[in-house]
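The values are calculated or read from the model by the stated rules, or taken from the named source; none is laboratory data. These numbers come from a predicted model, not from an experiment. Counting neighbours? That spans all protein chains shown, and the Cβs are built from the backbone with ideal geometry, glycine included.
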Amino acid sequence: MLKKSLESVLTSQESNELISAFDQIGNIIIVRIPDSLLSKKKIIGETLLNEVKIVKSVFYQSSAVEGDFRTRNLEILAGEDNTETEYKEFGCKFIVDVENAFFSPRLSTERERIAKLTQDGEVITNMFAGVGMFSIMAAKKKKCTVYSLDLNPIASKLCERNIAINKLAGEVISINGNASKIIEEQLIDKSDRTLTLLPERSDEFLDSAISTTKNGGIIHYYSHIHADKKSEAGKLTEEHYKKITPVKSEILGSKIVRAVGPRYYQTVVDVKITK
Ligand SMILES: C[S@@+](CC[C@H](N)C(=O)[O-])C[C@H]1O[C@@H](n2cnc3c(N)ncnc32)[C@H](O)[C@@H]1O
């Protein structure tokens, strides 16, 4: 569909280069444009805005996802210069701000997996929760309590709005600040399930993840790993986890969440800890 929209302005080879670089989030399209096509960025934006019916804004992603808040710079190509939109996933509604708080539609399969694993009555610590995607999906699916922590004040505020629109007040609790400090002060030995979705820095936060998790609880330990063979990425992360963990851990499974570069993967290892 996007490819067809661009037929009039790009050759077939040029639009092939672009296709995997699109994300449509609510009424916003974000496109990463290779250097070779930068001179055509405005016409790409205007064409997409005109051709894709519900789209109100087309942005060009002009930086990588970076910094403590894992955000990116966007440049408006066509339409309204508004980075906030409503996004629906798995029966939940979310207000997201695609420039000022981390959000990726590419984690939807993993969010659904965690929501399905969650059991009624669980307490969850979501250490790097962003706008509360994992927290809200789990709490919508099961009767649980989720502490949704994030350092970025804009992400925590959006999480509060998302709690309200999904009617989950009291079930999801948004707390702004450094996850390690919040855990140390309020959440020691609280959770049955802990998420560490800051994959670049999981090792640094493993002690805090263990502190918030009860004896017998589960940690979903996310990581980035280089692997020559895709099939080995999960096992390599398991080995890495076993090397660094200070507690007795039963590995329940591991998998690739998504590819993040050539021979570079985001992975998750599910572990049950004894302490
Ligand atoms: C990769 S994003 C994950 C967001 C969310 N789990 C999702 O899937 O949409 C990582 C998040 O960690 C937050 N963050 C970074 N350092 C943090 C810290 N020390 N404590 C709490 N949150 C932190 C960032 O602001 C960012 O929103």
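If only residues of the stretch 215-246 that are assigned to a loop (DSSP other than H, G, I, E, B) and of a type outside the set (Asp, Glu) are counted, the one that is nearest to the chain's Cα centre (by Cα) is 227.
The single residue among 124, 175 that is within 13 Å of the ligand (Cβ to nearest atom), modelled with pLDDT of 95 or more, closer than 30 Å to residue 63 by Cα and touching a Phe, Trp or Tyr at 6+ places or on another chain (Cβ under 8 Å) turns out to be 175. Search the stretch 239-258 for residues being among the small types (Gly, Ala, Ser) and either surrounded by 15 or more Cβ atoms within 10 Å (Cβ to Cβ) or in contact (Cβ under 8 Å) with a residue 24 or more places away in the chain (or both), and hand back the single one that is nearest to residue 192 (Cα to Cα). In this case the residue turns out to be 249.
Considering 194, 213, the condition of being farther than 11 Å from residue 126 by Cβ, crowded, with 19+ Cβ neighbours inside 10 Å, at pLDDT 95 or above and outside the structural domain of residue 72 (by TED's automatic domain parsing) is satisfied by 213 alone. Among the candidates 87, 147, the residue that is of a type outside the set (A, V, I, L, M, F, W, C), within 18 Å of residue 196 (Cβ to Cβ) and more than 10 Å from the ligand (Cβ to nearest atom) is uniquely 147.
Elements of the type helices (runs of 4 or more DSSP H) sitting completely within the stretch 1-110 and holding at least 1 residues that are polar (S, T, N, Q) and under 29 Å from residue 142 (Cβ atoms): there are none. Taking the conditions exactly as written (under 29 Å from residue 166 (Cα atoms) and not basic (Lys, Arg)), does residue 84 satisfy them or not? Spelling it out, residue 84 is indeed under 29 Å from residue 166 (Cα atoms) and not basic (Lys, Arg).
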